[in-house]
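The values are calculated or read from the model by the stated rules, or taken from the named source; none is laboratory data. Keep in mind that this is a model prediction, so the values were computed, not measured. Reconstructed Cβ throughout: ideal geometry from the backbone, glycine too, with neighbour counts over all protein chains shown. The area values use the complete protein model at the heavy-atom level, side chains included, leaving out ligands, DNA and RNA. Shrake-Rupley method; radii C 1.70, N 1.55, O 1.52, S 1.80 Å.
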Amino acid sequence: MKDNGLLSFLKDSLFSEECALRGGLLQSLDPRIKVLGFALILVSALLARSIGFIFCLYLLSLCLALFSGIKLGFFLKRTWVFIPLFSLIIGLPALFSNFTPGEELLRINLGSFSPAISVSGVLTFSLFVLRVAATVSFAVLLSMTMRHFQLLKVLRIFGIPQVFVMVLGICYRYLYLLVEIVENTYLAVRSRVGAGLHYRAGQQVAGWNIAFLWMRSYRLSENVYMAMLSRGYRGQVHVLEDFKTGLKDWLWLIFTAALIICTLRFFH
Amino acid sequence: MVNIYGSIDNMHTPLFSLKDVWFSYLGKIPALSGVDIDIYPGQKVSLVGANGSGKSTLLHLLDGLIFADRGSVSFLAKRLEAKAFADEKFDREFRRRVGFVFQNPDVQLFCPTVKEDIVFGPLHLGFEKNEISRRLEKIIGILDIGSLLDRSAHQLSVGEKRKVAIASTLIIEPDILIFDEPTAGLDPQTSRKIIDLLVDRSLESRTVITSTHDLHIVEEISDVVCVLGQKGRIIRSGQPGSILSDADLLAENNLAHIHSHRHKDKVHVHEHAHSEHHSQE
Ligand SMILES: Nc1ncnc2c1ncn2[C@@H]1O[C@H](COP(=O)(O)OP(=O)(O)OP(=O)(O)O)[C@@H](O)[C@H]1O
Ligand SMILES: [Mg+2]
C-alpha cells in the first residue's frame, strides 16, 4: 500500500530531529536569541536592494549550515525544492518588458506573440530569486537546527498564550502516536491478508481505520486530560524556564543587529 | 504506627471508604457493581481480576477522576465528587497526597520532553523551584533515567515510557500511591526496582493501591487482596495467602494460569496460581 510511503515521509520530515540533535554552532545558541537573530536576518534580506549583499546573505546561510554540521548537498537539496516553487512562478513575469519596462535584451519570437526580456527585468528577476533563496535557506536552517519543543518555548516567550502553545505541543506529540497506530494497523492488516490486498478492500480498511482512529483519539484525549488533572492541572499552565545565555549568544545578536543596521544604511 | 495524617485519620478511620459504588461507561457499559471497600492508612491493597473486570475504573474513581453513578466514595470522610474538586484548596491538597500512575504511559506523557513531563506535577502543585530540582535529581537517580531527560516521549521504548511515567508521579512524593499495573511492560530488573520501591521500609507508612494480573508480586506488595469478578463485582477480599491458595477462586476469575510441563517425554498440563507450587510438584 502506497499510503505507508507517505506516512513514513510525514514521520521523517515532521518528527526527525536528527540535525537539531547534532552539536554545531546554531544548535548551541540559546533558542530565544537564535530566533531573534534569524528574524533580523530575514528582515535584512527583505529590505536589501543590492544583489551583491543578498548574495552574501545567501552565502552566510551556507556557511552557517556547514558550521552546524549539515552537509551542503543535503542542505541545498532541501532548500532548492522550495525556491523554484516560490520564485519562478511569481518572479518569471518580471523578466519581460511588459512588466518591467527597460532596454531590450532578447526577444522571444512566438509568432504573433513575441515577448521581450529587458535588462532591468533580468536584474529584478535575479534580485527576486536571490531574495527567495536567502530567506528560504534561513527558514530551513532554523527549522533544521531547532528542536520542536524549543520552538514551542520560544513561541511562549514571544507572547503566544501558554494554553495555545501547550495544545500545539500535545497535538504534535499525539499526531505521532496516531501516525504510528495507522502504520501498525496497515502492517497488521497486511500480515493477515497479504500485500495483494484489493484496492476496494483497502478502501474499506482505510475507512474503518479513520472511524477507529476517531474513537481512539477521543478516548486518548479524555485520558490525557485525566492524567493532567491527576497531577494538579487546573486550567492554568506552568512551565519550567531553563534558558541559559552565554557569550556566543550575545555575539550572535550583535552580529545580526549589525547586519540589519548595514542593510538600512547602505543597501536599502 | 506513626500517625502522619494529623488528628482525623488514624488506623481506625479509613482513608478511602467506598459504599455500594456503581459505575458504568456511557450509561450502558457496566464497569463496577456495588463495590464496598475501606482502605486504611498504611495499607497495601492489590486489586486482581481478569481483563475488563473494572480495576482501572476503580482506581480512577479513587483518584477523583471519575465519579460514581450511585453510592459514595469518600476520602477522609469527605465525599469525592465534582463539587469537592471545584474547591482549589482541597484539589491541591488531594493531588499532593494522592499520586496515580496510569496503566498506559502514553496518556501520562503529554509534554514535549521527558523533563517537562516529570516536573509537570510539582510545577502545577506549586512546589518551590529549588525543591523541584532537588526532587528531579533524586528521582532520575532512583529510576536511572538521566539520559532520557531531553528526549521526546515518542522516541522512547514502552518500558522507558513507563519509567518516566512512574517518575512523573513519584516526584510528587505522595503518601498515597495508586498504581495501575506496576510491572506491565518492564524488564525483570526494572520490575524488581519498582517492587522494591513499593515495599521500601522507609516508606512503610505510605498507602499503596495497585492493580495487577501478576500474582507473583501480589504477596510481596500487598497485605490485602481484592478479587474483582465480572462487571466489577468484588468477589472476595482478604489476605494474600488465603486468596492465592484458593485455586478454584483464581481459576474462575481467569487468574490461574495453565502450565504445561515436560518431564522427559511426558507432557502434562495442570493449573496453578503460584510459582511456589511448582517446586512442590
Ligand atoms: N472509556 C471507556 N469507555 C467505555 N467503556 C470503557 C472505558 N474504559 C473502560 N471501559 C469498559 O469498562 C470495563 C472495565 O474496564 P477497566 O479498564 O476498568 O478494566 P481493567 O480491569 O482495568 O482491565 P485491564 O486488566 O485490561 O486493564 C470494560 O468492560 C471496558 O471495556
Ligand atoms: Mg486496567
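Quick notes
- Some residue of region B:190-208 being in contact (Cβ under 8 Å) with a residue 12 or more places away in the chain and part of a strand (DSSP E or B): yes
- Evaluation of A:Glu241 against the conditions (1) within 14 Å of chain B (Cβ to nearest Cβ); (2) modelled with pLDDT under 75; (3) surrounded by fewer than 13 Cβ atoms within 10 Å (Cβ to Cβ); (4) within 30 Å of B:Leu62 (Cβ to Cβ) shows that the sole unmet condition is (4).
- Filtered by the rule that a residue be more than 30 Å from B:Asp87 (Cα to Cα), aromatic (Phe, Trp, Tyr) and in a loop (DSSP other than H, G, I, E, B), region A:206-256 gives a lone residue, A:Phe243.
- Residues that are within 18 Å of A:Val237 (Cα to Cα), of a type in the set (Phe, Trp, Tyr) and at pLDDT 90 or above do occur in region B:115-124, at least one of them.
- Residue within region A:56-65 that is closer than 30 Å to B:His154 by Cβ and not hydroxyl-bearing (Ser, Thr, Tyr) present: yes
- For region A:40-59, a residue qualifies if it is free of Cβ contacts under 8 Å to residues at least 12 places away in the same chain and open to solvent by less than 50 Å² (accessible area, probe 1.4 Å), and exactly one does: A:Gly52.
- In region B:163-207, residue nearest to ligand 1 (Cβ to nearest atom) [restricted to those that are more than 14 Å from chain A (Cβ to nearest Cβ) and of a type in the set (Gly, Ala, Ser)]: B:Ala184
- Of the listed requirements (1) surrounded by fewer than 17 Cβ atoms within 10 Å (Cβ to Cβ); (2) more than 10 Å from every other protein chain (Cβ to nearest Cβ); (3) over 21 Å from the mean Cα position of the chain (by Cα), B:Glu81 misses just one: (3).
- Total residues in region B:47-70, condition within 11 Å of ligand 1 (Cβ to nearest atom) and assigned to a helix (DSSP H, G or I): 7
- Filter pass, A:Gly159 being on the phi > 0 side of the Ramachandran plot and either within 13 Å of chain B (Cβ to nearest Cβ) or in a loop (DSSP other than H, G, I, E, B) (or both): yes
- Count of residues meeting criterion [of a type in the set (Gly, Ala, Ser) and away from ligand 1 (no atom under 13 Å from the Cβ)] in region B:30-46: 2
- In region B:98-133, of all residues being open to solvent by 10 Å² or more (accessible area, probe 1.4 Å), in a loop (DSSP other than H, G, I, E, B) and not hydrophobic (A, V, I, L, M, F, W, C), the one that is nearest to the other protein chains (Cβ to nearest Cβ) corresponds to B:Pro112.
- Filter result for B:His154 (at negative phi, within 8 Å of chain A (Cβ to nearest Cβ), open to solvent by less than 40 Å² (accessible area, probe 1.4 Å) and more than 16 Å from ligand 1 (Cβ to nearest atom)): yes
- All of (1) surrounded by 13 or more Cβ atoms within 10 Å (Cβ to Cβ); (2) modelled with pLDDT under 85 hold for A:Ala257 with one exception: (2).
- Here A:Ala134 clears all of (1) within 14 Å of chain B (Cβ to nearest Cβ); (2) open to solvent by less than 50 Å² (accessible area, probe 1.4 Å); (3) among the aliphatic types (A, V, I, L, M) except the condition numbered (1).
- Restricting attention to region B:22-39, the residues being surrounded by fewer than 18 Cβ atoms within 10 Å (Cβ to Cβ) and either modelled with pLDDT of 90 or more or in a strand (DSSP E or B) (or both) number 8.
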